[in-house]
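Asks: Provided herewith is a single structure, encoded as structure tokens, for subsequent inquiry.
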Amino acid sequence: MRIHDSMISLVGDTPLVRLNNVTEGISATVLAKVEYFNPGGSVKDRIALRMIEAAEQSGELRPGGTIVEPTSGNTGVGLAIVAQQKGYKCVFVCPDKVSTDKINVLRAYGAEVVVCPTAVDPEHPDSYYNVSDRLVREIPDAWKPDQYSNPNNPRSHYETTGPELWEQTDGRITHFVAGVGTGGTISGTGRYLKEVSDGAVKIVGADPEGSVYSGGSGRPYLVEGVGEDFWPSAYDRTVTDEIVAVSDKDSFQMTRRLAKEEGLLVGGSCGMAVVAALRVAERLGPDDVVVVLLPDSGRGYLSKIFNDEWMADYGFLESGGASVAEVLRH
Ligand code: PMP
């Protein structure tokens, strides 16, 4: 019988698809690693599985225990699916600016979601950070994965994403491009590809303009899931050869083109990573193989990136237009 024992065995082994249209005028091969094929719809299923399995092995997560993590997005979905299949409870803590759709997805998978006010200082007892720390202390057998500092986040990519790319390209990959959030994807995948190629594969990080990874101040930007205002320990900055900063407008316009021209309905950090990949590929020749990782699906962004009014409000539809800072000031 051709069956999978549970959704867990569908994590990873995602397809690599050639980009044919947005690459016009580029002679290098540009391939997309499409992570929405994971069962929870994003790259984060990989880290959820690895972090949970490692905590089971170390005894940090005991049978019937509870996973507590401050997350509202893709990591929560991955953790919720793996947890329910393995008999753990999940409590996620998120700020009240998170859309009800995202909260409802987590609840649909059986997780409990605690919503905290955004408009309080980080030191306030009701802040998102303090509530998650308090829950970890108060709930018996609670365990907090902490994707920003957990070494099993990058390790999951070292063990799965990296080897998959090397095998899928028959060792012909020359450049790997990925957005940087926690830094887990680029650090783990990049380290594997460097080791297996004796340093030949170049590793390129894509970052929203304003984020610290590309030298920004941490000023606001709208692309979700990438960029930071601090340096997480999951990010190994010795692995990246180059960081490319991309504006919100370029990111979102490319995200729309990927749906219209490549049949890829993906999220805004995917458009951002593709812009960075194309900027790199423009400098390269026909023997180069650039792989860009696309973390999630566009379904979660229909009322933003794929909504003309929202795009127009920020001036993202026409050339020129207001910056995010200008719009936020209104
Ligand atoms: N894009 C999206 C939509 C994400 O949720 C994340 C994870 N924060 C990333 C990109 C970046 O991945 P990483 O945390 O591995 O750097």
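The values are calculated or read from the model by the stated rules, or taken from the named source; none is laboratory data. As the structure is a prediction and not an experimental result, all values here were calculated from the model. Using ideal geometry, Cβ is built from the backbone for each residue, glycine included, and neighbour counts are taken over all protein chains shown.
Asks: Is it fair to say Asn104 is part of a loop (DSSP other than H, G, I, E, B) and either aromatic (Phe, Trp, Tyr) or at pLDDT 90 or above (or both)?
Replies: Working: part of a loop (DSSP other than H, G, I, E, B): no; either aromatic (Phe, Trp, Tyr) or at pLDDT 90 or above (or both): yes.
Judged against the criteria, Asn104 is not a match.
Asks: Please go through region 227-272 and pick out each residue that is acidic (Asp, Glu), more than 12 Å from the ligand (Cβ to nearest atom) and over 18 Å from Leu31 (Cβ atoms).
Replies: Asp229, Asp241, Glu242, Asp248, Asp250
Asks: Another one. For Tyr148, all conditions in the list (1) within 16 Å of the ligand (Cβ to nearest atom); (2) part of a strand (DSSP E or B) hold save one; what is the number of the exception?
Replies: Unmet for Tyr148, out of (1) within 16 Å of the ligand (Cβ to nearest atom); (2) part of a strand (DSSP E or B): (2).
Asks: Being over 16 Å from Val177 (Cβ atoms) and among the aliphatic types (A, V, I, L, M) is true for just one of Ala259, Ala281, Ala273, Ala277. Which residue is that? Before you say what the answer is, go through the steps one by one.
Replies: Working: Ala281 fails: over 16 Å from Val177 (Cβ atoms); Ala273 fails: over 16 Å from Val177 (Cβ atoms); Ala277 fails: over 16 Å from Val177 (Cβ atoms).
Of Ala259, Ala281, Ala273, Ala277, the one residue that is over 16 Å from Val177 (Cβ atoms) and among the aliphatic types (A, V, I, L, M) is Ala259.
Asks: Scanning for something basic (Lys, Arg) and over 27 Å from Glu167 (Cβ atoms), does region 280-298 turn up at least one residue?
Replies: For region 280-298, residues basic (Lys, Arg) and over 27 Å from Glu167 (Cβ atoms): absent.
Asks: Which pairs have Cβ atoms under 9 Å, sit 6 or more apart or on different chains, and link a residue in region 53-76 that is at positive phi to one that is among the small types (Gly, Ala, Ser) and away from the ligand (no atom under 16 Å from the Cβ)?
Replies: Close Cβ pairs (under 9 Å, with a partner that is among the small types (Gly, Ala, Ser) and away from the ligand (no atom under 16 Å from the Cβ)) amount to Gly64/Gly87.
Asks: Do we have Val212 as more than 11 Å from the ligand (Cβ to nearest atom) and either touching a Ser or Thr at 6+ places or on another chain (Cβ under 7 Å) or over 28 Å from Ser27 (Cβ atoms) (or both) here?
Replies: Considered against the rule, which asks whether it is more than 11 Å from the ligand (Cβ to nearest atom) and either touching a Ser or Thr at 6+ places or on another chain (Cβ under 7 Å) or over 28 Å from Ser27 (Cβ atoms) (or both), Val212 comes out as yes.
Asks: Now, a different point. Scan Val266, Val290 and give me the residue that is within 17 Å of the chain's Cα centre (by Cα) and surrounded by 23 or more Cβ atoms within 10 Å (Cβ to Cβ).
Replies: Val266
Asks: Pairs please, first residue from region 165-189 and closer than 26 Å to Gly285 by Cα and touching a residue at least 40 places away in the same chain (Cβ under 8 Å), second anywhere and within 16 Å of the ligand (Cβ to nearest atom) and polar (S, T, N, Q), Cβ atoms under 6 Å, 6+ apart in sequence or on different chains.
Replies: As it stands, the answer is Ala178/Thr185; Gly179/Ser269; Thr189/Thr161, since those pairs meet every condition given.
Asks: If you scan region 160-182, which residues turn out to be away from the ligand (no atom under 14 Å from the Cβ), part of a helix (DSSP H, G or I) and within 17 Å of Leu294 (Cβ to Cβ)?
Replies: Glu164, Leu165, Gln168
Asks: Taking the condition touching an Asp or Glu at 6+ places or on another chain (Cβ under 6 Å), at negative phi and crowded, with 17+ Cβ neighbours inside 10 Å, does Ile305 pass?
Replies: When the stated conditions are applied, Ile305 does not pass them.
Asks: Take Ser132 and decide whether it is within 15 Å of the ligand (Cβ to nearest atom) and either farther than 30 Å from Leu193 by Cα or over 23 Å from the mean Cα position of the chain (by Cα) (or both).
Replies: no
Asks: How do the strands (runs of 3 or more DSSP E) wholly within region 13-75 filter down when requiring 3 or more residues that are within 16 Å of the ligand (Cβ to nearest atom): which remain? Quick ask: steps written out before the conclusion?
Replies: Details: elements: 16-18, 29-34, 66-69.
Those strands (runs of 3 or more DSSP E) span 29-34.
Asks: Out of the residues in region 183-228 meeting the condition of being part of a loop (DSSP other than H, G, I, E, B) and among the polar types (S, T, N, Q), tell me which one is surrounded by the fewest Cβ atoms within 10 Å (Cβ to Cβ).
Replies: By that ranking, first place goes to Ser217.
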